[in-house]
Amino acid sequence: MNEYVLLKLAHLLLFVYWLGADLGVFYAARFVRDGTLSREARGMAVRIMGWIDQVPRYCLVLMLPVGYTLAREVGVVRLPDVGLIILWVIAAAWLSMVWAIHHFQGTPRADRLRKLDLAWRVVLSLGLLWDAWQGFRGTGHLFADWISIKFLLFALLIFCGIMIRVRGKPIGPALRRALAAGSTPELEADIERGFRRTRPFVLAIWALLVVAAWVGITKPSLG
């Protein structure tokens with residue numbers, strides 16, 4: 001298999017594992033929200049959900065360099081060799097940061113990295129929106145409407161992830177208190193409210209992934 005085929009396979013697998021793992025997280029969340037379960041059972045559900053949730057996080061990070069490299073092979077993106085190397089180095093650093101946030105969770109180090117990761121996602125989403133806009137205008141380094149659409153969709157995917165983190169922020173502290181000292185109606189209300197506020201953005205991610213896959217297959221043009 002040549003390089004193009006391997007890149008395309010990797011790109012497809014990232015879509016598959018991203019969406020598949022997200023479904024697993026969504027299902028595991030049902031047990032995390034269930035205040036009638038024992039603390040041990042609920043704690044196990046939290047650990048399972050946290051582990052599965054790493055898969056879409058890794059897929060999001062890897063989608064950027066793999067997608068960029070594939071687009072460069074197809075000829076719809078202008079990126080010099082040194083730029084591609086820098087892109088992969090940045091992706092490797094980001095992937096390491098995502099791993100460290102999970103590995104050191106509950107520590108000041110993880111909290112600092114989480115803030116840095118959030119800031120980077122904001123900057124990246126704005127950069128992708130700018131690239132997409134320049135591509136639509138025909139003045140940037142993107143040479144096809146469909147790749148500009150994919151950049152726009154990827155920016156929206158990152159935005160949905162940011163909103164899940166922001167709107168679901170009360171879930172973590174409430175869960176830790178419930179697992180440490182026992183559940184209360186107030187804690188359960190905070191947990192349920194947090195999951196309810198993040199659900200629209202979870203569903204939006206699923207829809208955006210399907211649309212991104214459709215765009216990649218059909219390669220629409222805006223004329």
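The values are calculated or read from the model by the stated rules, or taken from the named source; none is laboratory data. Computed from a predicted structure; not experimentally measured. Neighbour counts run over all protein chains shown; Cβ positions are idealised from the backbone, glycine included.
A few remarks follow.
- Among the residues of region 134-145, those identified as of a type outside the set (Gly, Ala, Ser) and under 20 Å from residue 87 (Cβ atoms) are 134, 141, 142, 143.
Table: residues versus (1) in contact with a Phe, Trp or Tyr (Cβ under 6 Å, 6 or more places away or on another chain); (2) assigned to a helix (DSSP H, G or I); (3) farther than 21 Å from residue 43 by Cα; (4) aromatic (Phe, Trp, Tyr).
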| position | (1), (2), (3), (4) |
| --- | --- |
| 149 | no, yes, yes, no |
| 159 | no, yes, yes, yes |
| 174 | no, yes, no, no |
| 180 | no, yes, no, no |
| 189 | no, yes, no, no |
| 192 | no, yes, no, no |
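- Selection status of residue 112, assigned to a helix (DSSP H, G or I) and either polar (S, T, N, Q) or under 30 Å from residue 143 (Cβ atoms) (or both): no
- When the residues of region 118-144 are filtered to those that are touching a residue at least 40 places away in the same chain (Cβ under 8 Å), more than 23 Å from the chain's Cα centre (by Cα) and within 15 Å of residue 71 (Cβ to Cβ), the one that is surrounded by the most Cβ atoms within 10 Å (Cβ to Cβ) is 144.
- Residue 169 vs. criteria assigned to a loop (DSSP other than H, G, I, E, B) and of a type in the set (Lys, Arg): yes
- Residue 201 being aromatic (Phe, Trp, Tyr) and within 15 Å of residue 46 (Cα to Cα): no
- Scanning region 161-174 for residues that are touching a Leu at 6+ places or on another chain (Cβ under 8 Å) and either at pLDDT below 90 or surrounded by fewer than 18 Cβ atoms within 10 Å (Cβ to Cβ) (or both) returns 162, 165.
- Of the residues making up region 175-186, not a single one is modelled with pLDDT of 95 or more and aliphatic (A, V, I, L, M).
- Residue 207 in a helix (DSSP H, G or I), out of contact with any helix residue (DSSP H, G or I) (no Cβ under 8 Å at 6 or more places or on another chain) and modelled with pLDDT of 95 or more: yes
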